[in-house]
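Each value in this text was obtained by applying a stated rule to the coordinates, not by laboratory testing. All of these numbers come straight from a predicted model, not from anything done at the bench. Positions of Cβ are generated from backbone atoms using ideal geometry, with glycine treated the same way; all protein chains shown enter the neighbour counts.
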Amino acid sequence: MAAHDHEIVSIYGHSESQKDELMNRAPECVLMWGTNDGWPVGVVHSFVWHEGKVWITFAAHRHRASAIRRDNRVSVTVSGATSQDPACPRGAVTLKGRATFHDDDSIKEWFYRALSKKVSPNSKEGEDAFYDLLDSPLRTIISVAPEKWISFDAEKSQKDRMGLLNDEEKTPPLSSDSERMNKERARRGLETRDPEQT
């Protein structure tokens, strides 16, 4: 691989099973939304990955609650670097999706318990204490159903730099690498490149 091939990164996507592992094993995510004046903002949250959705909780009086109710388009980023679990895939994923609010008691009960177990997996006392902390009348829950994924498998990238990654392990290049990159290279007076030839 040429020294400048680091420009093409969409070929290092996670498999579906890797994404699922990362979402289950990573402890935190960054929830991002747009403010009323157009600023993008993100906050770190503990989360639960359940039935193909990201589940997050925060107090209903936070600015993010009113912002997301106004425009429920959000993004969530999860990085394997935050995990102490050696089985957690390396790299990161970002998903774009729409948030749905949940305030019914049945969802609060299972979600608070699931999040508490995730935060304190080795301590029932810690789990119960966190559950009590979450069980607040001002708290709300959102679920985010992914509509688009952006994925980067750091292990694949490293293997490719070492000449150890098979072409079958690579994911198809996205338009950023198959189209936009060559437009930018041409704009800068550089030779165009075939993203399939890496």
Chain lengthening between ALA59 and THR35 when straightened (0.36 nm per residue, less Cα-Cα): 6.9 nm
Packing-based exposure ordering (other Cβ within 10 Å, fewest first) of ASP167, ASP71: ASP167, ASP71
Intensity falloff of the stretch 12-89 expressed as log10 I(q)/I(0), Debye formula with alpha-carbon point scatterers, at q = 0.12, 0.16 Å⁻¹: -0.38, -0.64
Taking the convex hull of the alpha carbon atoms in the chain, what volume per residue do you get, in Å³? 132 Å³
May I ask for the net charge around TYR112, where only other residues with Cβ less than 14 Å from the Cβ of TYR112 are counted and Lys, Arg are +1 while Asp, Glu are -1? -3
Non-local residues with an amide H under 5 Å from the amide H of ALA60, with H modelled 1.01 Å from N and Pro and chain starts lacking one, are ARG139, THR140
Cβ-Cβ cut-off under 12 Å around GLN18, Lys and Arg +1, Asp and Glu -1: the net charge is -2
Determine, from the Cβ-Cβ distance of GLU155 and LEU190 and an R0 of 30 Å, the FRET efficiency 1/(1 + (r/R0)^6), rounded to the nearest 0.05. 0.55
Check: C-alpha center the stretch 17-42 vs C-alpha center the stretch 136-186, spacing in Å is 14 Å
From zero outward in steps of 5 Å, how is the percent of C-alpha pairs of the stretch 65-122 spread across the bins? 4, 14, 13, 17, 24, 18, 9, 2
Express the C-alpha Rg of the stretch 140-198 as a ratio against the empirical globular expectation 2.2 N^0.38 Å, rounded to two decimals. 1.54
Per the helix-only model, the chain has a calculated mean residue ellipticity at 222 nm (DSSP H runs of ≥4, -39500 (n - 2.57) each, divided over all residues, rounded to the nearest 500) of -8500 deg cm²/dmol
Using only the Cα atoms of the stretch 103-168, what do you get for the radius of gyration and for Dmax, in Å? 19.5, 55
Roughly how many nanometres apart are two label points built 7 Å out from the Cα toward the Cβ at LEU138 and TRP110? 2.8 nm
Peptides 150-160, 100-110, 115-125, 134-144: what's the order by average Cβ count within 10 Å, highest mean first? 150-160, 134-144, 115-125, 100-110
Relative contact order (percent) for the stretch 3-184, with alpha-carbon contacts under 8 angstrom and 6 or more residues of separation? 30 percent
Within the stretch 3-184, what is the number of lysine pairs with alpha carbons under 22 Å apart, leaving out pairs fewer than eight places apart on the same chain? 21
